[in-house]
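The values are calculated or read from the model by the stated rules, or taken from the named source; none is laboratory data. Only a predicted model underlies this, so the values are computations on that prediction, with no experimental measurement involved. Here the Cβ positions follow ideal geometry from the backbone for every residue, glycine too, while neighbour counts run over all protein chains shown. We work out accessible area using only protein heavy atoms, side chains counted, and drop any ligands, DNA or RNA first. Shrake-Rupley method; radii C 1.70, N 1.55, O 1.52, S 1.80 Å.
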Amino acid sequence: MIRVSKSSGIPDSLTTTRAYDGEDVKRQLLQDQHDKCYICERVGVTDFEIEHRRSKECCPELRQDWNNLFLSCRYCNGKKLQNFDNTLDPLSVNIEDEIEQNIDYENKKAVFIPKNVTESHSETVKLLDRVFNGTGNLRKIKEERFFEYFLSVMNRFQGLLINYLGDATLDNENAVRDELAIDKEFLGFKYWVIKNNTFLEATFGDCIIWNKA
């Protein structure tokens, strides 16, 4: 999960209709978020929904608030529902700095470490843990398939880094840079892979700025 940048222009349907999920809203969010879910960062071709960061149940007055609407995949929206209404605001917070996002390969888990002790940090970590690690001791089928896909993407990225560290050619460097582009998946995790290696950060630090103000 990383910071999100949103266009300042409010889609017309939010002010001329009672709908919050008009086609113009979907189109603008797809463009602003590079077709990715703002929570898990997977690309959604057709499996996307318009999600309220602060739920309609909690804050009905924000039902059509442009700054409260985000593109989410159906999987993450189902995990969040109205249970997480005080998460960090990805429009104003550099999520990738505020929450360290790593992988515990031995225990097959994603690990989230908040950099501050606030209710919003804690709630965001709980949501991400539910999305990536499931809700029980054993992952359900959809949770397992989600995690397997996540690992496959991250393993490919790690492979590109190994290639570059072993042979720092321009082609190998560009392959890594391509995987750090804003439209690629799981950038919050890739961010910390780069940040936790001094050599990689010196080389690719310019690639992990993304939506920061």
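Give the separation of the Cα centroids, segment 60-117 to segment 143-172, in Å. Segment 60-117 and segment 143-172 have Cα centres spaced 23 Å from each other. Take each peptide in 194-200, 86-92, 38-44, count the other Cβ atoms within 10 Å of every residue, and average; sorted highest first, the result is 38-44, 86-92, 194-200. Look at the alpha carbon pairs under 8 Å that are at least 6 residues apart: their mean separation over the length of the chain gives a relative contact order of 21 percent.
Counting every C-alpha pair in segment 1-154, the share spaced more than 23 angstrom apart comes to 36%.
Protein heavy-atom accessible surface, 1.4 Å probe, per residue over the chain: 50 Å². Computed from phi, the 3J(HN,Hα) profile of segment 202-212 under the Karplus parametrisation 6.51, -1.76, 1.60 (θ = phi - 60°) reads 5, 8, 10, x, 6, 8, 10, 8, 6, 8, 5 Hz, with x in place of Gly and Pro.
Using Cβ point charges alone (K and R +1, D and E -1), the dipole size of segment 1-133 about the Cα centre works out to roughly 260 debye. For segment 1-81, the normalised intensity computed at q = 0.11, 0.13, 0.20 Å⁻¹ comes to -0.25, -0.35, -0.86 (log10 of I(q)/I(0), Debye sum over alpha carbons, equal scatterers, no solvent). With the Kirkwood sum run over all distinct C-alpha pairs, segment 75-147 has a hydrodynamic radius of 12.9 Å.
For LYS109, the residues whose amide H sits under 5 Å from its own are ASP104, ignoring neighbours fewer than 5 places away on the same chain, with H placed 1.01 Å from N.
Our summary of shape: the Cα atoms of segment 71-213 have principal axis extents of 48, 36, 26 Å, ordered from largest down, in whole angstrom. Using the charge dipole of the chain (Lys, Arg: +1 at Cβ; Asp, Glu: -1 at Cβ; taken about the Cα centre), state which of LEU128, ASN83, HIS34 has its Cα farthest towards the positive end. Of LEU128, ASN83, HIS34, it is ASN83.
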